[in-house]
Amino acid sequence: MNAHLVRPVASTLLGAAMALSLAVAPTSAQDRAVGGATVEGITEHTLPNGLQVLLFPDASKPTATVNITYFVGSRHEAYGETGMAHLLEHLLFKGSTKHPDIPQELTEHGSRPNGTTWYDRTNYFETFSATDENLEWALDLEADRMVNSFISVDDLESEMTVVRNEFEMGENSPFGVLMERTFSTAFLWHNYGQSTIGARSDIENVP
């Protein structure tokens with residue numbers, strides 16, 4: 001999903017980059033997280049492995065959101081690889097070792113999920129009823145799919161079609177065309193000048 005197509009979600013932010021930490025840091029290390037600054041109710045914590053966790057409690061909300069952000073986006077793509085960060089974002093919703101049917105699990109937990117890709121980052125999130133069970137499930141899901149996702153040829157082919165449809169939607173959007181041309185003119189020698197969704201030739205010729 002392209003970043004500018006996603007509507008904001010109004011709910012409690014319980015974790016940014018927390019999920020992956022569960023996959024790579026032992027419980028004792030998590031307990032030694034170092035507290036940081038607090039700005040307008042948002043508290044920053046840094047885990048021993050360097051991951052940053054932002055906690056934003058809001059007791060007025062019946063829902064919670066787990067959001068994990070990676071500082072990798074389309075500007076890191078090489079020639080002939082445009083759109084790959086966005087395509088990977090789609091593919092990571094397919095399944096992982098412990099969570100082989102992610103769409104089904106998201107439905108069972110009544111969550112509203114999404115992911116976005118931009119020049120400097122990619123993020124994944126889900127909003128759900130604020131229960132301990134749902135929170136534990138969401139963190140485990142994010143931790144597992146970021147290191148154990150499996151990508152099949154069939155999934156690759158089907159999602160390539162979905163991404164191509166999004167590409168064509170952008171081609172038919174006056175705002176999208178204006179935005180793309182503005183960036184390509186402003187950043188002639190930088191990857192900011194390339195569309196996040198990629199070039200059609202790259203999207204259609206994924207190995």
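Brief remarks follow.
- Within the set 142, 126, the sole residue that is buried (at least 16 other Cβ atoms within 10 Å of the Cβ) and in contact with a Pro (Cβ under 8 Å, 6 or more places away or on another chain) turns out to be 126.
- Reported count of residues in the range 190-207, each being among the hydrophobic types (A, V, I, L, M, F, W, C) and not in a loop (DSSP other than H, G, I, E, B), is 1.
- Looking across the range 49-100, the residues that are surrounded by fewer than 18 Cβ atoms within 10 Å (Cβ to Cβ), of a type in the set (D, E, K, R) and touching a Ser or Thr at 6+ places or on another chain (Cβ under 7 Å) come down to 58, 61.
- Tally of residues being hydroxyl-bearing (Ser, Thr, Tyr) and either surrounded by fewer than 17 Cβ atoms within 10 Å (Cβ to Cβ) or at pLDDT below 95 (or both) across the range 107-123: 1
- Restricting attention to the range 145-166 and to residues that are of a type in the set (S, T, N, Q) and in contact (Cβ under 8 Å) with a residue 40 or more places away in the chain, the residue that is surrounded by the fewest Cβ atoms within 10 Å (Cβ to Cβ) turns out to be 152.
- Helices (runs of 4 or more DSSP H) enclosed by the range 49-167 - at least 2 residues per element that are out of contact with any Lys or Arg (no Cβ under 9 Å at 6 or more places or on another chain) and of a type in the set (A, V, I, L, M): 84-91, 132-148
- Failed item in (1) touching a helix residue (DSSP H, G or I) at 6+ places or on another chain (Cβ under 6 Å); (2) at pLDDT 95 or above, with residue 65 passing the rest: (1)
The values are calculated or read from the model by the stated rules, or taken from the named source; none is laboratory data. Computed from a predicted model, the values in this text were never measured in an experiment. Note that we place each Cβ from the backbone using ideal geometry, even for glycine, and neighbour counts take in every protein chain shown.
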